[in-house]
Amino acid sequence: MAYNTDTHAVAAAHGHATFMGIDNRKMAFWAFIGSECLLFGSLIATYLVYKGRSLVGPYPHEILNIPFTSFSTFDLLMSSLAMVLALAAIQRGDMKQGKLWLFVTALLGLIFLGGQFWEFSHFVHEGLGLTTNLFGSTFYVLTGTHGAHVTIGVIWLLTLWIQALRGKLGPQNALTVEITGLYWHFVDVVWIVIFTVVYLIQ
Amino acid sequence: MSEQTGAHATTGTYLRIAAILVMITLIEVGVFYVPAFQGVLVPVLLVLSAVKFTLVVMFYMHLKFDNRFFTFLFGGPLLLGLVVVVSLLLIFYGAVRLRTGM
């Protein structure tokens, strides 16, 4: 019984390799990301189906701010760069750089969220609510779902950063950081699609 | 026991990819504002977006260097998601055409 308990504790801490030699946590996370593709695919499809069908304004071309959103896109792309730099630093055991880049990634995520909050507030002020028209409903649901994912990512990153500050995260946890990175980069690629489909193709 | 991770790109590659991503974003925004591109705006933007998407997935998510099974795990649902998008658009606009006789 003691042996089983110890075995399960070790397995919980380090995961199992599958028969293909792949870590089970990484495989499960890629499967999760696959399921997220279907979630965002459905939301993007809904946005496109109702595109240009609003009977009342404000309409996308009246309200969307391309220069501002371009900055948000740049911010998220840079956060992805910071994330890979954090992972590379932690893999080589450079925890000083690892902590720095983890914090920069979270900070850039927070800046993105601040921008989204400002954008939503501005739109509401301009008269675009969740139930104003089809554009409002589909826009807020799609970008809001993405924003919720960014929020979870920022909390996750800050948790890792605090763990690193307390000396509880090191090169031995590189896979944990890599999985966090997979989530963060997925959030970035979803935004790449949203930026094109919602903002640039009006 | 340390956690095993796959082989990854170098820091130099990450920086080059970031520079390419920023350049493509600038091109996208530029194309959006140039009236001469209005006729081909949608295909050009979709191609540029697909290039950015692929670069992030291949290099930052390490699919280029990692086990091929991950490509299958991600690519399968991604393809299914694309089929959902295209199918919904075809069904919806097909129904609109039937209703309006256009």
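Among the conditions (1) out of contact with any His (no Cβ under 7 Å at 6 or more places or on another chain); (2) more than 7 Å from chain B (Cβ to nearest Cβ), the only one that A:Asn173 does not satisfy is (2). Taken over the range B:52-63, the criterion of being farther than 13 Å from B:Tyr14 by Cα and surrounded by 15 or more Cβ atoms within 10 Å (Cβ to Cβ) is satisfied by B:Lys52, B:Phe53, B:Leu63.
Filtering the range A:125-152 to residues that are farther than 25 Å from A:Leu182 by Cα, hydrophobic (A, V, I, L, M, F, W, C) and touching a Ser or Thr at 6+ places or on another chain (Cβ under 9 Å) leaves A:Leu130, A:Leu134, A:Phe135.
In this structure, A:Thr145 qualifies as under 17 Å from the mean Cα position of the chain (by Cα) and surrounded by fewer than 17 Cβ atoms within 10 Å (Cβ to Cβ).
A:Asp23 meets all of the listed conditions (1) within 26 Å of B:Val51 (Cα to Cα); (2) in contact (Cβ under 8 Å) with a residue 12 or more places away in the chain; (3) at the interface with another protein chain (Cβ under 7 Å from one of its Cβ atoms) but one, namely (1).
Computed from the coordinates by the stated procedures, all read-outs in this text should not be read as laboratory data. Predicted model, so just to flag it, every value in this text is computed and none were measured. Cβ: placed from backbone, ideal geometry, glycine included. Neighbour counts: every protein chain shown.
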